[in-house]
1. How big is the shadow of the Cα convex hull of the range 110-195, averaged over all directions, in nm²?
2. Can you tell me which aspartates and glutamates have their Cα less than 13 Å from the Cα of residue 183? Leave out same-chain residues fewer than eight positions away.
3. Which three semi-axes in whole Å describe the equivalent ellipsoid of the range 94-251, each the square root of 5 times a Cα gyration tensor eigenvalue, listed largest first?
4. Using modelled backbone amide H atoms (1.01 Å from N, in-plane), which distant-in-sequence or interchain residues come within less than 5 Å of residue 212's amide H?
5. Might you report the magnitude of the Cβ-based charge dipole of the chain about its Cα centre, with Lys and Arg at +1 and Asp and Glu at -1, to the nearest 20 debye?
6. Do the alpha carbons of any pairs in 119/189; 102/201; 119/284; 92/119 sit beyond 19 Å of each other, and which pairs?
7. Cα to Cα, under 19 Å, and not fewer than 8 places away if on the same chain: which lysines meet these conditions relative to residue 277?
8. If you fit an axis through the alpha-carbon atoms of helix 269-279 and take the longest principal axis of the Cα set of the chain, what angle between them do you get, 0 to 90°, nearest 10?
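The values are calculated or read from the model by the stated rules, or taken from the named source; none is laboratory data. This structure is a prediction, so every number in the text was calculated from the model and none was measured. For neighbour counting, all protein chains shown are included, and Cβ atoms are generated from backbone atoms with ideal geometry for every residue, glycine included. Quick note on the areas: whole protein, heavy atoms, side chains included, nothing else; ligands and nucleic acids left out. Shrake-Rupley method; radii C 1.70, N 1.55, O 1.52, S 1.80 Å.
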Amino acid sequence: MGDLNETQRYFIDEHIEDYMDGLISRRELLRRVTLISGSAALAATIVAACGTPAPCSVATQSAAPTAAATSSVPQAYATPPPAPVPDGVTVKETDPRISVSKPDVRGSDGASLMAYMAKPITTARVPGVVVVHENRGQTEHIRDVVRRVATAGFVGVNIDLAARDGGAAKLTDQAAYNAALAKRTTADKNSDHSATLAFLKGQSSGAVGVTGFCFGGGEVWSILAAGLDVKAAVPFYGPQPTNYLDIAKTRAAVSAVYAELDTRITGTAQQMEGVLKTAGVPYKITIYPGVNHAFHNDTNAAGDRYNAEQAQKAWVATVEWFRTYLV
């Protein structure tokens, strides 16, 4: 297992959780782990250990969760829907509040990053928010979240971190997508994030923030650890990066979203709070009760984990955080 990189371990742990929750079969778990790890023997070893949840994990965890969730008041902008939406659309591209485009954002190597952007209909220069996708890439759900960002008065943008392999549009098999994405180093991904942030600054007031979900939440932590220039960040149930102590140098205001039942991720909340205290930045750690990993995903891509009440509270809190610190 020592030969696996951080992203491979995280993806494998997610698929193990899906197996334990009855969302995929043992055979499908073996197929996915083989694709991601590149080794049928290693996959067999990992899957053979999956008799109970505890020995299955290939990632690390520590510490206990901290604060409790807080209540919030619904707002006029788009929020997660009251029930799952199979097509992933809650804000249409034709919504009169926004305009949508696919700008030509390029990485440092000149590669297209398959960007998707939504802007509020206004003449004012407003702040920007990068939305980092889950481990499925730039899905319709993620594009919808970008559009929700725009209805709240920000310029929203997303890139596909596996764009060089065709992104989610081409790699429709999740395990194949994960395998392509896991090959990219943290430095490679941060380079693409940096290019996206630079682009977004030119499309906005210059004050930019970042949010992300699951794998994307982990990318938010990595962006902070790398010291990239963002003013505010909201990672949703993001896995702790190995270099998490470097987050102590961030200057961003951070609101970290956790799920009470997502013990593998939420178990690191106390350590993350520690580095944010060291950084001396405004921060908030919120653990939403009674929900699991991916509770914000309203497409049922994560099975029955979507929870409308807590997703709406978390999203309203996210928007208010950005409204407070992206100034």
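1. Working: hull surface 23.2 nm².
Mean orientational projected area (the range 110-195, Cα hull): 5.8 nm².
2. 3, 6, 165
3. Details: eigenvalues 101, 74, 38 Å².
Semi-axes, largest first: 23, 19, 14 Å.
4. It is 132, 234, 236, by chain and number.
5. Values: 30 positive and 31 negative charges, 152 e Å.
So the magnitude is around 740 debye.
6. On the way: 119/189 24 Å; 102/201 16 Å; 119/284 27 Å; 92/119 13 Å.
Check vs 19 Å cut-off fails for 119/189; 119/284.
7. Reachable lysines: 231, 249.
8. The angle comes out near 50 degrees.
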